[in-house]
1. Which condition number does F90 fail, the rest of (1) among the aromatic types (F, W, Y); (2) surrounded by fewer than 17 Cβ atoms within 10 Å (Cβ to Cβ); (3) assigned to a loop (DSSP other than H, G, I, E, B) being met?
2. Please specify each residue of the stretch 143-167 satisfying the condition of being modelled with pLDDT of 95 or more, in a strand (DSSP E or B) and either more than 19 Å from H82 (Cβ to Cβ) or among the hydroxyl-bearing types (S, T, Y) (or both).
3. Residue pairs, Cβ under 8 Å, 6 or more apart or interchain, first in the stretch 103-115 and farther than 14 Å from Q80 by Cβ and in a strand (DSSP E or B), second of a type in the set (F, W, Y) and modelled with pLDDT of 95 or more. List them.
4. Checking S43 against (1) among the small types (G, A, S); (2) on the phi > 0 side of the Ramachandran plot; (3) surrounded by fewer than 15 Cβ atoms within 10 Å (Cβ to Cβ), only one condition comes out false. Which one?
5. Could you list, in sequence order, the residues of the stretch 126-137 that are in a loop (DSSP other than H, G, I, E, B) and farther than 25 Å from D93 by Cβ?
6. Looking at A96, A81 in this structure, which one is farther than 24 Å from D160 by Cβ, surrounded by 11 or more Cβ atoms within 10 Å (Cβ to Cβ) and either at pLDDT 90 or above or among the hydrophobic types (A, V, I, L, M, F, W, C) (or both)?
Amino acid sequence: MARAKRKAKATKAPSKKRAKTVRAKSARRARAPSRASSKPHRSQRFTVSHHRDEDFDQGLRPYSAYRDLGIASATEGMVQAHVIRMTKPFNADEVAIPHFHDVDFQMVYVLKGWFKTEFEGEGVHTFTEGSAWIQPPGIKHTVLGYSDDCELLEIVLPADFDTVTLGE
């Protein structure tokens, strides 16, 4: 991209030899196996999910709706991705329950609004539109608030995991 912004100089065209070398390097790079390719993986298939309000279903929590993005089935359960939409105003008695997730990986991205939570050992954080965070496996946390229009993108490995509710 930086090359496109440079001013054009009056120079002679690159030699054919150089152009062939660049193509060869590019071709070699495209065929080079990645480090990840040596690890065994479950098969994955192409999938697409377009936004439709009717695709939001009651999910794990009574105060939110979940829109499955089809990633779990496309990855044979390796990864789950869904959009979480808060459907009720925040009520601490219903929402502020300490818990953790038995996962290998969990990432959350705020699509809309704001979301406030407390993480054991990390304190209270308020995340706004465009914020992202990783919740390490087993980190205890409590939801402390969210905006009425809050929507989150959550990506979790594996797709099938347990949520463990803790005593207050």
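The values are calculated or read from the model by the stated rules, or taken from the named source; none is laboratory data. The structure presented is a predicted model; accordingly, all values stated were derived computationally and were not measured. Methodologically, a virtual Cβ is constructed for each residue, glycine included, from the backbone with ideal geometry; neighbour enumeration extends over all protein chains shown.
1. With (1) among the aromatic types (F, W, Y); (2) surrounded by fewer than 17 Cβ atoms within 10 Å (Cβ to Cβ); (3) assigned to a loop (DSSP other than H, G, I, E, B) applied to F90, the lone miss is (2).
2. Selection gives L144, G145, Y146.
3. The qualifying pairs are V110/F127; W114/F127; W114/Y146; F115/F127; F115/Y146.
4. Checking S43 against (1) among the small types (G, A, S); (2) on the phi > 0 side of the Ramachandran plot; (3) surrounded by fewer than 15 Cβ atoms within 10 Å (Cβ to Cβ), the one that fails is (2).
5. The answer is E129, G130, S131, P136, P137.
6. Of A96, A81, the one residue that is farther than 24 Å from D160 by Cβ, surrounded by 11 or more Cβ atoms within 10 Å (Cβ to Cβ) and either at pLDDT 90 or above or among the hydrophobic types (A, V, I, L, M, F, W, C) (or both) is A96.
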